[in-house]
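*Asks:* Structure below; questions to follow.
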Amino acid sequence: MKILWTHINFALQMNPLKIFWFYVLVGLMSIGFSVLYELYLEDTVPFKFAKFSTLFDVPEKPEEKLIKELKKFVRTDTLITEQDIAEDTTRLRQILDSILAEEKKIIFPNDDHEPLWRIFRKAERGKRIRILHYGDSQIEGERITAQIRNELQKLFGGKGPGLVPVIPVAPRLSVKTEYSEHWKRVPGFGKVDTTIKHGRFGPLIVYFESSPDSTDESWFTIKPNKYAYYRARRYSKAVFFWSVPEDTARIKIFVNDSLYHDSIYEQARLIIREFTVPTGATITLRHSGSPVHVYAVSLEDNTGKGVIMDNIPLRGSAGTIFTRQNKTFLKLFYDYLKPDLIILQFGGNVVPYIDNEKRCKNYGRWFASQIRFLKSIAPDASFMVIGPADMATIIDGKLQTYPILECVINVLKDAALKNDAMFWNMYLNMGGSGTIIKWAEADTPLAAKDYVHFTIPGVKKVAQMLWEDILYEYELYKKLEKDEDL
């Protein structure tokens, strides 16, 4: 305090001109230190100091913040007058809330709901519905898929988990698998073996190669997981997809330890074998002879009715790997599976690596080409794109949502709607910017501390949001279809 009083007395004794230049000098020194701190000292000094780049920031007015939010969705000059901006932030908030409510629902190309409604119509007639749910690591272990599948199967019938891999990357909710040491996972995405040129990886974009010793057999076993949803455990049909690249191979199928099938197969590009099995049976494949490639086993209801929803996680993928697949070969699977809906849930894996709008738009164009490719081999399928969740990282010492995230979501939405695909905005449904931080730091965490992935409660919350929007569409469909019948 004494030192401070000494400085005040010194200042009072100076004439006005000297006082002026004294404060100019202090101001320049402060600005100089701000520049030095921002460029060199921020990560080394044990205290925080104002940065030069933020010294002259002007806080946003509430109405300016609302206008910025509105501009993400519409041209505000067509809706709002200068008087509105100056006098009525309440009206701006009402407009924004109304737009957000619509943006959180499933968005349809040209506002045409038929791509989803025709699936409802088919399901109500007792027909089989197949949904392929592709996504990144957010859906590993049947996360999101399992909950939506269960609700759809309760509503429209159907049993089983659908397509199952020999070697899952993460434990699956519906089934458990065991396998011998002779199996090798060969992916068509991520770290791909560049010596493999054929591009024949099947619908899971991965195959499993068995190369047993001449004196041994390779094997794998699939059985229901006791923690699975009830209907997922009640499959009564098993469909095997494999190929014999060269020479001959012997395949034996056991169901609950009883031999169901034993045959020698010659070289073939794709073999599909269907077996009716006891409900929830344990299924084992044994192989000897030349190598075989197993693409998947589909566990489903043998009635041919109800919903089958396949969980196909592609860890690390941005969803841009489909055009690298052998089109003719993949079409063989799609012709058999006959998907009614293909869901593409991607985008999160590019967010940390895109640093400008140009690269973001390039990704959107690339993703659009994937939709067109899949449409060319599944022309009767409807498509839905699900954008990434909120994601956060440390920027300027502060944990915050990735700045490029909304651009990525917007280009995915644009790619979907321009290619006759539906779009669902997971980011907005969560709550938008900063939500992942709140979820991770909640008393019951809904997100992991990587500020990217969900916890189990978080998965359930997001899946419930999606299901409620699907159910909203179903109720709307029933109402309008009933009105048309009157």
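*Asks:* Spin-label point model (7 Å from Cα, Cβ direction): what's the K197 to D396 distance in nm?
*Replies:* 5.2
*Asks:* Give the long-range amide H neighbours of G387: residues separated by 5 or more places, or on another chain, with amide H under 5 Å away, using H modelled in the peptide plane at 1.01 Å from N.
*Replies:* Those lying under 5 Å, H to H, from G387 are W424, M426.
*Asks:* For region 158-308, what value does the Rg/Rh ratio take when both radii are computed over Cα atoms and Rh is the Kirkwood radius, given to two decimals? Don't skip to the end; give the middle numbers.
*Replies:* Numbers: Rg = 15.1 Å, Rh = 15.8 Å.
Expressed as Rg/Rh, it is 0.96.
*Asks:* For region 121-184, with the dipole built from +1 on Lys and Arg beta-carbon atoms and -1 on Asp and Glu ones, taken about the Cα centre, which of I131, V164, W183 lies farthest toward the positive end?
*Replies:* The listed residue farthest towards the positive side: I131.
*Asks:* Between R324 and N302, what is 0.36 nm times their sequence separation minus the Cα-Cα distance? Round to one decimal in nm. Before the final figure, lay out the partial values.
*Replies:* Details: separation 22, 0.36 × 22 = 7.92 nm, distance 3.34 nm.
Additional length available on full extension: 4.6 nm.
*Asks:* Here is a follow-up. What nm distance separates the two modelled labels at K331 and E178, each placed 7 Å from Cα along Cα→Cβ?
*Replies:* 4.2
*Asks:* Okay, next question. How much net charge surrounds F333 when only other residues with a Cβ under 12 Å from its Cβ are counted (Lys, Arg +1; Asp, Glu -1)?
*Replies:* That sum, taken over residues with Cβ under 12 Å, equals +4.
*Asks:* Could you pull the Cα extents of region 85-243 along its three principal axes, largest to smallest, in whole Å?
*Replies:* On the principal axes, region 85-243 reaches 84, 41, 29 Å in Cα extent.
*Asks:* How big is the Kirkwood radius of region 179-230, worked out from every pair of different alpha carbons and given in Å to one decimal?
*Replies:* On the way: mean 1/r = 0.0745 Å⁻¹.
Final number for the Kirkwood radius of region 179-230 is 13.4 Å.
*Asks:* Which whole-Hz couplings ³J(HN,Hα) result when phi for each residue of region 170-175 is put into the Karplus expression 6.51 cos²θ - 1.76 cosθ + 1.60, θ = phi - 60°, listed in order with x for Gly and Pro?
*Replies:* 10, x, 9, 6, 7, 9
*Asks:* How would you rank 431-438, 129-136, highest first, on the average number of other Cβ atoms within 10 Å across their residues?
*Replies:* Numbers: 431-438: 17.1, 129-136: 23.4.
Per-residue Cβ counts within 10 Å, averaged per peptide and sorted highest first, yield 129-136, 431-438.
*Asks:* May I ask you to compute the full-extension gain from R269 to K252, defined as 0.36 nm times their residue separation minus their alpha-carbon distance, rounded to one decimal in nm?
*Replies:* 4.3 nm
*Asks:* Still on this model: Any idea how far apart I167 and S369 come out in nm if each label point goes 7 Å out from Cα toward Cβ?
*Replies:* 3.1
*Asks:* What does the convex hull of the alpha-carbon atoms of region 283-375 project to on average, in nm²? Don't skip to the end; give the middle numbers.
*Replies:* Numbers: hull surface 35.1 nm².
Its Cα hull, projected and averaged over all orientations, spans 8.8 nm².
*Asks:* Hey, another quick one. What FRET efficiency comes out for N110 versus E481 if R0 is 22 angstrom and r is the Cβ-Cβ distance? Round to the nearest 0.05.
*Replies:* Values: r = 20 Å, r/R0 = 0.89.
FRET efficiency, N110 to E481: 0.65.
*Asks:* Starting from the Cα-Cα distance between E217 and I456, subtract it from 0.36 nm times their residue separation and give me the gain in nm to one decimal.
*Replies:* 82.2 nm
*Asks:* Moving to a separate point now. Using every Cα-Cα pair within region 420-472, state what percent have a distance larger than 17 Å.
*Replies:* So the pairs more than 17 Å apart make up 36 percent of the total in region 420-472.
*Asks:* Direction-averaged shadow area of the convex hull around the Cα atoms of region 259-310, nm²?
*Replies:* Numbers: hull surface 19.2 nm².
Average projection, Cα convex hull of region 259-310: 4.8 nm².
*Asks:* Same structure again: Distances longer than 22 Å among the Cα atoms of region 103-197: what percent of all pairs is that? Show your work: numbers first, answer last.
*Replies:* Values: 2188 of 4465 pairs.
Percentage above 22 Å: 49.
*Asks:* Follow-up question, since we're still on this one. With N set to the residue count of region 217-257, report its C-alpha Rg divided by 2.2 N^0.38 Å to two decimal places. Walk me through the intermediate numbers first.
*Replies:* Details: Rg = 13.9 Å, N = 41, 2.2 N^0.38 = 9.0 Å.
For region 217-257, the normalised Cα radius of gyration is 1.54.
*Asks:* Explain nothing, just compute: Karplus ³J(HN,Hα) = 6.51 cos²θ - 1.76 cosθ + 1.60, θ = phi - 60°, for every residue of region 334-347 in order, whole Hz, x for Gly and Pro.
*Replies:* Those phi angles translate into 5, 5, 7, 5, 6, x, 8, 9, 10, 9, 10, 10, 9, x Hz.
Every number in this text was worked out from the coordinates using simple rules, so none of it is lab data. All values reported here derive from a predicted model rather than from experimental measurement. Methodologically, a virtual Cβ is constructed for each residue, glycine included, from the backbone with ideal geometry; neighbour enumeration extends over all protein chains shown.
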